[in-house]
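The values are calculated or read from the model by the stated rules, or taken from the named source; none is laboratory data. Not measured: the values here are computed from a predicted model. FYI the Cβ positions are ideal-geometry reconstructions off the backbone, even for glycines, and counts take in every protein chain you see. When the accessible area is computed, the model is the full protein with side chains, heavy atoms only, and any ligands, DNA or RNA have been set aside. Shrake-Rupley method; radii C 1.70, N 1.55, O 1.52, S 1.80 Å.
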Amino acid sequence: MSSTMDFARQLRRADLRVTQPRIGVLEAVQANPHADTETIIRAVRGVLPRVSRQAVYDVLHAVTATGLVRRIQPSGSTARYESRVGDNHHHVVCRSCGAIADVDCAVGYTPCLMTAHDDNFRVDEAEVIFWGQCHVCIASHPS
């Protein structure tokens, strides 16, 4: 778990001013992995009741642009945010309840970054989403 001081250091390293809304958003994203914007707004307002929706949107944009937070958007879903950045992990999404979990890339090397045809691109990230059913949905609706 990162502390307020850790978040302040991260913001400074990203050349962003340290503000309460920015720290609040980073705390909310860390506490709520794969959260949508509404969840993040509620979490931030739990600590900073007067923060505006627009302020949270602006902070999410800034921390995503600087790489402090990662934005994902599985097909048919709203944007989600996570604090796990800097690696090439993927996600699995439950078709029934929408739960999202992290999936590590293959161990040893990253085959998902090796394309058959790169069309003169240097690939540095791949976004893979696996779809299926989580264990809770499988248990509640056995085939």
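For the reader, a short list of remarks on this structure follows.
- Inverse of mean 1/r across different Cα pairs in the range 1-55, Kirkwood, Å: 11.4
- Net dipole in debye of the chain [+1 Lys, Arg Cβ; -1 Asp, Glu Cβ; about Cα centre; nearest 20]: 700
- Candidates SER96, ALA126, LEU16 compared by Cα position along the dipole of the chain: farthest toward the positive end lies LEU16, with charges placed on Cβ.
- Positive dipole terminus of the chain, leading residue within HIS34, HIS135, SER2 (C-beta point charges): SER2
- Virtual spin-label span in nm between ASN120 and ASP15, 7 Å along Cα→Cβ: 2.9
- Global geometry of the chain, whether rounded, prolate or oblate, following the gyration tensor of its Cα atoms and the 1.5 cut on a/c: oblate
- Student exercise, the range 29-98 dipole from Lys, Arg, Asp, Glu Cβ charges, in Debye to nearest 20: 140
- Sites excluded, GluC sites (Glu not before Pro) in DSSP loops with at most 16 other C-beta within 10 Å, longest stretch of the chain: 1-124
- Taking 0.36 nm per residue of separation and subtracting the current Cα-Cα distance, fully stretching the chain between ASP104 and ILE129 would add 7.9 nm.
- Spacing of the two label points (7 Å from each Cα toward its C-beta) at ALA139 and LEU48, in nm: 3.8
- Available extension along the chain between SER3 and TYR57 is 17.2 nm, counting 0.36 nm per residue and deducting the alpha carbon span.
- Taking each DSSP H run with n ≥ 4 as -39500 (n - 2.57) and averaging over every residue of the chain yields -11000 deg cm²/dmol at 222 nm.
- Taking all protein chains together, LEU26, LEU68 sort by accessible area into LEU68, LEU26, largest first [probe 1.4 Å].
- Taking chymotrypsin sites (Phe, Trp or Tyr not before Pro) in DSSP loop states with no more than 10 other Cβ atoms inside 10 Å as exposed sites, the chain has its longest site-free stretch at 1-108.
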